[in-house]
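Below: the structure, in structure tokens.
The values are calculated or read from the model by the stated rules, or taken from the named source; none is laboratory data. Just so it is clear, the model here is predicted, and its values are computed rather than measured. Because the Cβ atoms are built from the backbone with ideal geometry, glycine has one as well, and the counts that use them run over all protein chains shown. These accessible areas exclude ligands, DNA and RNA; they are computed on the full protein's heavy atoms, side chains included. Shrake-Rupley method; radii C 1.70, N 1.55, O 1.52, S 1.80 Å.
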Amino acid sequence: AFVNLREGALEYLLVTSNGKTHESLLRTDAEPHHIHVAMLLLGAGGAGTNALPEDPAQPLPGDKVTIEVVWKKKSKESRARAETFVRDRGKKSAMSKGDWVYTGSRLRDDGFAAQADGSIISLITDPDALVNNPRPGREDDDNWLAKPGKLPAFNEPVQIVITLSRQDAAAP
């Protein structure tokens, strides 16, 4: 992936280069359906539904994952949780650390929604994204802000590591 935005309001952590880049911290050329197949092979089932609860007090269905951003500066590798780079406007603090939810997107008449829209990791509740933010404030599309901190410069390459929580993964 590449650093896409270093300041301003965010709705997504990661989208494809053809996705909603105007509101995403990171962008990638990776295909959402390839990510989905990899997650299925690892045992993630996602939400198993075409809908997510509209009530933000209800938990999101799916599998817990952690998300890390990895980058190199000269020959030194750095790694940080994705939450490090997002600010919660409502709480006036950094986004709380914790798991994300692999919801797995949905099928629409035009096909696999994540592939069609380029939505991979969403900060707001988005049934079309592969991964959703389960934290309070996810219903507010003005709540999340870029918090660059240690984030590399615009257009610098990074790796995104999505780790499936083993206790939630389906048994092989």
(request) Could you list, in sequence order, all residues of the stretch 54-74 that are more than 21 Å from ALA113 (Cα to Cα), in contact (Cβ under 8 Å) with a residue 40 or more places away in the chain, open to solvent by less than 90 Å² (accessible area, probe 1.4 Å) and assigned to a loop (DSSP other than H, G, I, E, B)? (result) PRO56
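Being under 16 Å from the mean Cα position of the chain (by Cα) and either modelled with pLDDT under 95 or within 30 Å of LYS150 (Cα to Cα) (or both) is the requirement here; does LYS64 meet it? Walk me through how you get there before you give the answer.
Values: under 16 Å from the mean Cα position of the chain (by Cα): yes; either modelled with pLDDT under 95 or within 30 Å of LYS150 (Cα to Cα) (or both): yes.
In short, yes.
Yes/no matrix, rows are residues, columns are (1) assigned to a loop (DSSP other than H, G, I, E, B); (2) at pLDDT below 95; (3) under 17 Å from VAL65 (Cα atoms):
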| residue | (1), (2), (3) |
| --- | --- |
| GLN115 | no, no, no |
| PRO134 | yes, no, yes |
| LEU145 | no, no, no |
| LYS150 | yes, yes, no |
| THR163 | no, no, yes |
| ARG166 | yes, yes, yes |
| ALA169 | yes, yes, yes |
| PRO172 | yes, yes, no |
(request) Give me the pairs, please: first residue somewhere in the stretch 75-88 and in a strand (DSSP E or B), second residue anywhere and open to solvent by less than 40 Å² (accessible area, probe 1.4 Å) and among the small types (Gly, Ala, Ser), beta-carbon distance under 8 Å, and either six or more positions apart or on two chains. (result) VAL86/ALA146; ARG87/ALA146; ASP88/GLY137
(request) Could you check how many residues of the stretch 83-129 are under 11 Å from TYR12 (Cβ atoms) and either over 13 Å from the mean Cα position of the chain (by Cα) or of a type in the set (A, V, I, L, M) (or both)? (result) 7
(request) Give the residue that is farthest from GLU54 (Cα to Cα), with candidates limited to residues of the stretch 97-114 that are touching a helix residue (DSSP H, G or I) at 6+ places or on another chain (Cβ under 7 Å) and open to solvent by less than 50 Å² (accessible area, probe 1.4 Å). (result) PHE112
(request) Quick one: count up the residues across the stretch 115-149 that are open to solvent by 50 Å² or more (accessible area, probe 1.4 Å) and closer than 16 Å to ASN4 by Cβ. (result) 2
(request) Determine which member of the set ALA51, ALA38, ALA82 is among the small types (Gly, Ala, Ser) and surrounded by 14 or more Cβ atoms within 10 Å (Cβ to Cβ). (result) ALA82
